[in-house]
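The values are calculated or read from the model by the stated rules, or taken from the named source; none is laboratory data. Please read all numbers here as calculations on a predicted model, not as lab measurements. Glycine gets a Cβ as well: all are built from the backbone with ideal geometry, and neighbour counts include every protein chain shown. In case anyone asks, the SASA skips ligands and DNA or RNA and just uses the protein heavy atoms, side chains included. Shrake-Rupley method; radii C 1.70, N 1.55, O 1.52, S 1.80 Å.
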Amino acid sequence: MDRGFELVPHTADIGLRIRGASGEELTRRAIEGFAHLMLAEPSAVEPAAHLVVRVEGASLEELLVRLLNELIFLFDTKGFLCRKAAMVKLGGAWLEAELAGEPYDPSRHEIVAVAKAATYHGLRLLHTGGGLCVTV
């Protein structure tokens with residue numbers, strides 16, 4: 001998990017285990033992990049376009065699930081592939097992220113998995129000596 005995330009088996013499909021020193025770092029790594037889940041080569045996505053998204057929720061876990069579902073929605077409706085977060089801000093009950101990516105181009109982007117939804121099944125946030133760890 002040297003990148004701060006790893007893909008893990010899940011009863012329904014696949015999960016992400018993410019580690020970070022803070023909620024902001026955890027969010028950045030969740031976005032990068034999602035790109036690795038979806039794409040054969042995430043580095044093929046140029047961070048040329050930027051979109052700002054904002055989600056609301058009662059906990060960091062809920063914010064992460066809603067953010068991942070927003071990434072799915074952006075791909076499904078606009079063909080937007082997110083490679084990373086250019087900026088992340090966390091408030092008490094909201095998360096705002098500036099997403100860096102570009103529109104899907106089948107000649108350059110190989111999709112290996114299309115997520116239908118991020119769920120709360122097995123969702124767990126742990127406080128560790130090194131920060132935070134969440135499985136979603």
Cα to Cα, under 12 Å, and not fewer than 8 places away if on the same chain: which aspartates and glutamates meet these conditions relative to K84?
E25, E32, E46, E98, E102
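Report the charge-dipole magnitude of the chain in Debye, nearest 20, computed about the Cα centre from +1 at each Lys and Arg Cβ and -1 at each Asp and Glu Cβ.
So the dipole magnitude of the chain works out to roughly 200 debye.
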Would you mind working out the accessible area per residue for region 65-136, using a 1.4 Å probe, and quoting it in Å²?
53
Amide H to amide H under 5 Å from L132: which residues, 5+ apart in sequence or cross-chain, H placed 1.01 Å off N in plane?
G20, A21, S22
Computed ³J(HN,Hα) along region 127-132: with the Karplus parameters 6.51/-1.76/1.60, θ = phi - 60°, integer Hz and x for glycine or proline, the list is 8, 10, x, x, x, 10
Return a whole-number percent for the relative contact order of the chain, with Cα pairs under 8 Å and 6 or more residues apart as the contact set.
30
Cα to Cα, under 12 Å, and not fewer than 8 places away if on the same chain: which aspartates and glutamates meet these conditions relative to K116?
D13, E70, D76
May I ask for the net charge around L81, where only other residues with Cβ less than 13 Å from the Cβ of L81 are counted and Lys, Arg are +1 while Asp, Glu are -1?
-3
Cut-off 11 Å between beta-carbons: net charge of the residues surrounding Y104, Lys and Arg +1, Asp and Glu -1
-2
Given H placed 1.01 Å from N in the peptide plane, which residues other than close sequence neighbours of L123 have an amide H under 5 Å from its amide H?
none
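Quickly rank 47-58, 105-116, 89-100, 23-34 as a protection proxy: mean count of other C-beta atoms within 10 Å, highest first.
23-34, 89-100, 47-58, 105-116
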FRET efficiency, 1/(1 + (r/R0)^6) with R0 30 Å, evaluated for L126 and Y104 via beta carbons
0.30
Rounded to the nearest percent, how much of the accessible area of region 11-136 (1.4 Å probe, protein heavy atoms only) is carbon and sulfur?
51
